[in-house]
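Asker: Here's a structure for you.
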Amino acid sequence: MPLLQKAVFHTTVAHLRDLPQDAEYEIAFAGRSNAGKSSAINTLAGRVRLAYVSKTPGRTQHLNYFILGPGRYLVDLPGYGYAKAPVAIRSQWEGLIGPYLQKRSALRGLVVIMDSRHPLTDLDKGMINWFLPSGRPIHVLLSKSDKLTRQQSLETLRKVRAALAEMGEQISVQLFSSLKKTGIEEAEAVLGQWLGLVSEAAQK
């Protein structure tokens, strides 16, 4: 998906009033602080340091916007599970993320990154169950799948898919590896549809 690889940093949002006014299509990325979220964004965008990869969980404290083209954005959310973050910062994040995910009309879907070795933690389930009432789709990337054998990764995919099917019909899931660059095309197909790129390509 060429347009995904045109992503460049646009702005950091700390308050809802600062959200881009021209947005028509947004995709948000969420995940536990060490699940490989920034690496996944970088891999999908074909960039090395578009989203900052930190060894310190919880470094992303605001909404980081990356523009793909007119009105189209990828949005990097703060990692959840930031137990070491000061209470004041956690409160600030929750006051920003909650209203954004529930009320942002331009938001077309949520990508949840889970470590394939430790998927569906209570935090992951909480995020999914919390977002489901919005009616928007959720796509799960089981990251770091290169850390598992092929048999292990396929078994993990089967189990997670079965568990997610019980949680809601609008959830899809796939294996993904930023290191091995696997699962990119499958993810691009989903995101391209959410961004309205598939229909546009069909018209050309």
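Asker: If we keep just the residues of region 120-139 that are open to solvent by less than 40 Å² (accessible area, probe 1.4 Å) and hydrophobic (A, V, I, L, M, F, W, C), which is nearest to Y80 (Cα to Cα)?
Answerer: The extreme case among them is M127.
Asker: In the list L4, L44, L50, which residue meets the criterion of being open to solvent by less than 10 Å² (accessible area, probe 1.4 Å), at pLDDT below 90 and over 21 Å from P99 (Cβ atoms)?
Answerer: The conditions single out L4.
Asker: Now for a separate question. Which members of region 87-119 meet the condition of being modelled with pLDDT of 90 or more, open to solvent by 30 Å² or more (accessible area, probe 1.4 Å) and not basic (K, R)?
Answerer: Those that are modelled with pLDDT of 90 or more, open to solvent by 30 Å² or more (accessible area, probe 1.4 Å) and not basic (K, R): S105, H118, P119.
Asker: Determine whether F176 is touching a helix residue (DSSP H, G or I) at 6+ places or on another chain (Cβ under 9 Å), hydrophobic (A, V, I, L, M, F, W, C), modelled with pLDDT under 95 and buried (at least 19 other Cβ atoms within 10 Å of the Cβ).
Answerer: Working: touching a helix residue (DSSP H, G or I) at 6+ places or on another chain (Cβ under 9 Å): yes; hydrophobic (A, V, I, L, M, F, W, C): yes; modelled with pLDDT under 95: no; buried (at least 19 other Cβ atoms within 10 Å of the Cβ): yes.
The answer is no for F176.
Asker: Take the residues in region 143-173 that are of a type in the set (S, T, N, Q) and crowded, with 18+ Cβ neighbours inside 10 Å; name whichever of them is nearest to R108 (Cα to Cα).
Answerer: Step one: filter region 143-173 for residues of a type in the set (S, T, N, Q), giving 143, 145, 149, 151-153, 156, 170, 172.
Next, only the ones that are crowded, with 18+ Cβ neighbours inside 10 Å stay: 143, 145, 153, 156.
Working: S143: 22, S145: 26, S153: 28, T156: 27 Å.
In this case the residue turns out to be S143.
Asker: Which pairs turn up if I take residues in region 42-54 that are under 19 Å from E185 (Cα atoms) and look for partners that are modelled with pLDDT under 65 and open to solvent by less than 80 Å² (accessible area, probe 1.4 Å) with beta carbon separation below 9 Å, at least 6 apart in sequence or on another chain?
Answerer: Filtered contacts from region 42-54: N42/V53; L44/M1.
The values are calculated or read from the model by the stated rules, or taken from the named source; none is laboratory data. In this text, all values refer to a predicted model and were calculated from it rather than measured experimentally. When we count neighbours, we look across all protein chains shown, and the Cβ atoms used for this are built from the backbone with ideal geometry, even at glycine. We work out accessible area using only protein heavy atoms, side chains counted, and drop any ligands, DNA or RNA first. Shrake-Rupley method; radii C 1.70, N 1.55, O 1.52, S 1.80 Å.
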